[in-house]
Amino acid sequence: MSGAVRVVVVGGGYAGVMAADRLSGERAGHPRVRVTLVDPGARFTERIRLHQVAAGTRASAGVAWEEVLHPDVERVQDRVVGIDAAARAVVTGRGRRLGYDHLVYAVGSGEAPTTASSVTNATAAAATREEIAALAPGGTVTVVGAGATGVEVACALAVARADLEVTLVTASSPTTPLRRPAVARRLGRLGIGVEVGVVHPVTGAVSTAGGRRAAASATIWTAGLAVPRLAAASGLPTTGDGRLLVDATLTVRGDERIVAAGDAAAVDDPGAAHLRMSCATAIPLGAHAADVVLARLSGASAPRVDVGFLLQCLDLGGGHGHAQLVRPDDGDRWGARAGLGGHLGGAVKERVCAATLSWLTREARRPGSHRWPRGPRPVEGRGGDGARGLLG
Ligand SMILES: Cc1cc2nc3c(=O)[nH]c(=O)nc-3n(C[C@H](O)[C@H](O)[C@H](O)COP(=O)(O)OP(=O)(O)OC[C@H]3O[C@@H](n4cnc5c(N)ncnc54)[C@H](O)[C@@H]3O)c2cc1C
């Protein structure tokens with residue numbers, strides 16, 4: 001493929017894989033693209049399943065790369081340790097230097113400011129599973145954070161190990177999932193305690209209005225996850241928490257050779273203010289980042305991102321779940337009581353999780369095949385220009 005345009009995708013999560021697939025294959029009107037995906041994993045990780053791995057109800061969240069990647073994508077199993085934007089090259093941990101014409105930055109999230117256990121990546125989830133399996137009946141577990149991941153972890157554990165005492169500790173109450181009556185009822189039925197308090201990131205000690213107590217038998221951190229510092233360390237513009245700052249075309253200001261997508265991207269545009277770190281955001285942003293590169297290669301103007309939500313779903317353990325219809329801006333549609341709970345909610349959640357993987361596998365076979373719902377507000381230039389949105 002000599003003479004092809006070189007695109008390096010850094011990070012093979014939902015955003016990076018979607019971008020790599022969409023850039024691959026032959027497409028009329030576009031120059032041939034040679035895509036290299038750099039990721040340290042031996043397999044693709046379905047991160048949204050990792051609470052099940054930690055609870056021991058699922059053996060693994062790994063998927064063979066061949067299933068999710070277009071056959072033309074060259075995979076480098078390594079970690080990028082530096083981006084030399086001036087020279088248009090990345091350097092990997094094993095000392096490889098990969099030149100690029102365009103770079104897709106998609107390193108995701110997961111680094112937590114704690115020594116506690118977590119479910120943030122495959123290795124951490126496997127270690128947490130071992131820790132939980134070793135707990136004697138009557139053991140206590142603190143799950144730090146009552147956002148979606150915290151609630152899913154607590155429910156998975158309470159179902160898998162009914163002999164443990166599971167408590168969710170949240171710094172602010174009520175969080176979005178806890179505001180939903182059906183979710184609160186499910187937590188109650190599973191005997192999961194909910195406390196407002198602060199957990200010490202090293203000792204695991206819990207401070208609440210009622211006082212301070214020693215760490216539980218196990219502490220699982222799901223709050224305040226940070227992103228890798230790669231962009232900041234490479235001198236690229238970032239937010240305070242290290243996300244790469246991009247404009248509405250997902251492009252770094254002043255360097256149109258670098259686009260970003262997923263948890264590690266911060267889109268500095270009012271039209272993207274509703275976007276939260278999620279798989280639901282990462283997949284369409286990955287597709288959009290690829291579309292921006294393809295537009296530039298064909299001499300067209302880069303499309304602005306236009307992404308809206310449709311559903312928020314939770315896995316509440318044991319086949320139970322909760323599915324809430326939301327507006328494109330992620331606000332509840334018809335109020336917090338309008339969600340679907342129980343086994344029906346669980347079935348919807350499972351369908352959505354399966355869909356995230358099938359979007360990637362289908363994109364690997366037929367690049368460019370997906371479109372998602374659009375964003376919450378009118379976007380300049382919308383209409384047939386590649387602008388799009390997503391399923392949440
Ligand atoms: C237990 C759990 C449940 C979740 N459930 C949901 C859910 O139900 N719905 C939802 O929308 N979201 C959910 N999420 C959040 C979701 O998983 C993330 O938002 C999503 O994975 C972000 O996708 P991404 O592609 O940006 O990054 P990731 O999926 O994190 O992938 C990033 C990849 O980049 C790699 N990488 C990192 N640094 C480097 C480097 N320097 N060089 C090369 N590669 C690198 C990583 O190893 C990783 O493979 C959940 C998360 C967890 C942990």
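The values are calculated or read from the model by the stated rules, or taken from the named source; none is laboratory data. Here the structure is a predicted model, which means the values were calculated and not measured. Here the Cβ positions follow ideal geometry from the backbone for every residue, glycine too, while neighbour counts run over all protein chains shown. What goes into the accessible areas is simple: the full protein's heavy atoms, side chains included, and nothing from ligands, DNA or RNA. Shrake-Rupley method; radii C 1.70, N 1.55, O 1.52, S 1.80 Å.
A compact table of results
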{"quantity": "Selected residue (only one of Gly319, Gly240, Gly299 is within 16 Å of the ligand (Cβ to nearest atom) and either out of contact with any Cys (no Cβ under 8 Å at 6 or more places or on another chain) or not in a strand (DSSP E or B) (or both))", "calculated": "Gly319"}
{"quantity": "Cβ-Cβ under 9 Å pairs, at least 6 apart or on other chains, the range 8-30 side within 15 Å of the ligand (Cβ to nearest atom) and among the basic types (Lys, Arg), far side open to solvent by 20 Å² or more (accessible area, probe 1.4 Å) and not in a loop (DSSP other than H, G, I, E, B)", "calculated": "Arg22/Asp291"}
{"quantity": "Any hit, the range 147-154, residues being within 12 Å of the ligand (Cβ to nearest atom), in contact (Cβ under 8 Å) with a residue 60 or more places away in the chain, in the same structural domain as Val259 (by TED's automatic domain parsing) and in contact with a strand residue (DSSP E or B) (Cβ under 6 Å, 6 or more places away or on another chain)", "calculated": "no"}
{"quantity": "Boolean, Val348 is within 16 Å of the ligand (Cβ to nearest atom), part of a helix (DSSP H, G or I) and touching a strand residue (DSSP E or B) at 6+ places or on another chain (Cβ under 6 Å)", "calculated": "yes"}
{"quantity": "The range 116-168: number of residues that are of a type in the set (Ser, Thr, Tyr), open to solvent by less than 30 Å² (accessible area, probe 1.4 Å) and within 26 Å of Gly12 (Cα to Cα)", "calculated": "4"}
{"quantity": "Residue match in the range 55-77 (condition: assigned by TED's automatic domain parsing to the domain that holds Gly254, near the ligand (Cβ under 10 Å from one of its atoms) and over 26 Å from Ile132 (Cα atoms))", "calculated": "yes"}
{"quantity": "Candidates Leu190, Leu225 - the one that is open to solvent by 20 Å² or more (accessible area, probe 1.4 Å) and within 15 Å of the ligand (Cβ to nearest atom)", "calculated": "Leu225"}
{"quantity": "All positions within the range 51-82 that are without any contact (Cβ under 8 Å) to a residue 40 or more places away in the chain and open to solvent by less than 50 Å² (accessible area, probe 1.4 Å)", "calculated": "Ala64"}
{"quantity": "Among residues of the range 336-353, those that are within 15 Å of Pro177 (Cβ to Cβ) and touching a His at 6+ places or on another chain (Cβ under 8 Å), counted", "calculated": "6"}
{"quantity": "When residues of the range 230-256 are limited to those that are touching a helix residue (DSSP H, G or I) at 6+ places or on another chain (Cβ under 7 Å) and among the β-branched types (Val, Ile, Thr), the one most open to solvent (accessible area, probe 1.4 Å)", "calculated": "Thr238"}
